[in-house]
1. With respect to the cross-link table entries K12/K124; K52/K288; K49/K294; K36/K288; K37/K69; K69/K107, which display a Cα-Cα separation exceeding 19 Å?
2. Give me the net charge of G208's neighbourhood, meaning all other residues with Cβ under 10 Å from the Cβ of G208; Lys, Arg count +1, Asp, Glu -1.
3. Report the FRET efficiency, 1/(1 + (r/R0)^6), for T140 and K187, where r is their Cβ-Cβ distance and R0 is 22 Å, rounded to 0.05.
4. Could you give the alpha-carbon Rg of region 32-124 over 2.2 N^0.38 Å, rounded to two decimals?
5. Want the number for E269 to K96: 0.36 nm per residue separation, take away the alpha-carbon distance, what's left?
6. Percent of Cα-Cα pairs more than 33 Å apart in the chain, please.
7. Cα to Cα, under 18 Å, and not fewer than 8 places away if on the same chain: which aspartates and glutamates meet these conditions relative to K170?
8. Note the full-extension length gain between I51 and E34 as 0.36 nm times their separation in residues minus their Cα-Cα distance, in nm to one decimal.
Amino acid sequence: MDYPIEVVLDAKMELGEGPCWDWRNNMLYCVDIEGKKIHMYNPSLNKQKVIKLDRQISAIVPSAKQDTKFVITLENGFHIIDIEKNELEYIADPEKEIVDNRFNDGKCDAYGRFWGGTMSVNNKPQHAALYCLDVNGEITKKVNDLTISNGIAWSGDNEFLYLIDTPAEKVIRFEYDLKTAQLGNAKDIIDFSEEPGFPDGMTIDREGMLWIAHFGGGRVSRWNPDNGEKIDEILIPAPNVTSCTFGGRYLDELYITTARSGLDVEQLEQYPLSGGLFKVKLNIKGLKANLCNK
């Protein structure tokens, strides 16, 4: 199906990622990993604010406790940032001994725990993991032997956690206990090996369908996790599509991040909007993003 695509920020992000919609104030937050920036976009005013950091930032989630604070993952683990004071508070780095890994995608579950995964910067297979930062500050390794821990989503009833391991070209579904944060049986539910590009970031809509960004594939696709079938896709005028999330006052707008990183001069000339933040109005609604209780 054809959808009208709007460029809301021609931000020229090197590696745009981690879009998160704060439904309390109708703000969109995303990060530029390689650019070491936080982008904050106010659609009602069509204005943005950018915060520059000293380290690469890979994920951001608003705090449920204070409007100006966010839980983020930097190269060196979990932190809290106060965007008004521009102050960082270090929490912990569960992989401080693994020098060639960095944190990647991350989100919060419905209890407010922050789940963040890592990746090998040298593409070492099965060298990364998925961690859970609990509201009491305890960090637990939840999934081993990943290469690039990427898109995360939970089913609307919180019975399942979905996870992407990008080089494996698959989506894994884990049984999930929200009360204890325990993962149960794992099952590969979506095979991406015949798709253009690689699976990157991911979100879920109210109908329980998964939306997956294609890095190197120039699109976002919609999938049924129950049978592994692709339902729809939206072509984006940027090859490296990194992630997506539902936003807007009615959660019927899909915000999509992209990257310039990895493209040569000819590709950047062909796709000048690469690194931009895009928006697509849909007749499907998403779920509210979970805030962090840390």
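1. In this structure, K12/K124; K52/K288; K49/K294; K36/K288 exceed 19 Å between Cα atoms.
2. Net local charge, G208 excluded: -3.
3. Values: r = 22 Å, r/R0 = 0.98.
The formula returns an efficiency of 0.55 here.
4. On the way: Rg = 13.7 Å, N = 93, 2.2 N^0.38 = 12.3 Å.
That works out to 1.11 for region 32-124.
5. On the way: separation 173, 0.36 × 173 = 62.28 nm, distance 3.91 nm.
So the chain would gain 58.4 nm between E269 and K96.
6. Beyond 33 Å sits 13 percent of the P(r) for the chain.
7. Partners found: D105, D145, D188, D191, E194, E195, D200, D226, E229, D232, E233.
8. Once the chain is fully extended between I51 and E34, it gains 4.8 nm.
Each reported figure results from applying straightforward, stated rules to the coordinates on display, with no laboratory input. Predicted model only: the values in this text are computed from it and were never measured. Note that each Cβ is placed from the backbone with ideal geometry, even for glycine, and that neighbours are counted across all protein chains shown.
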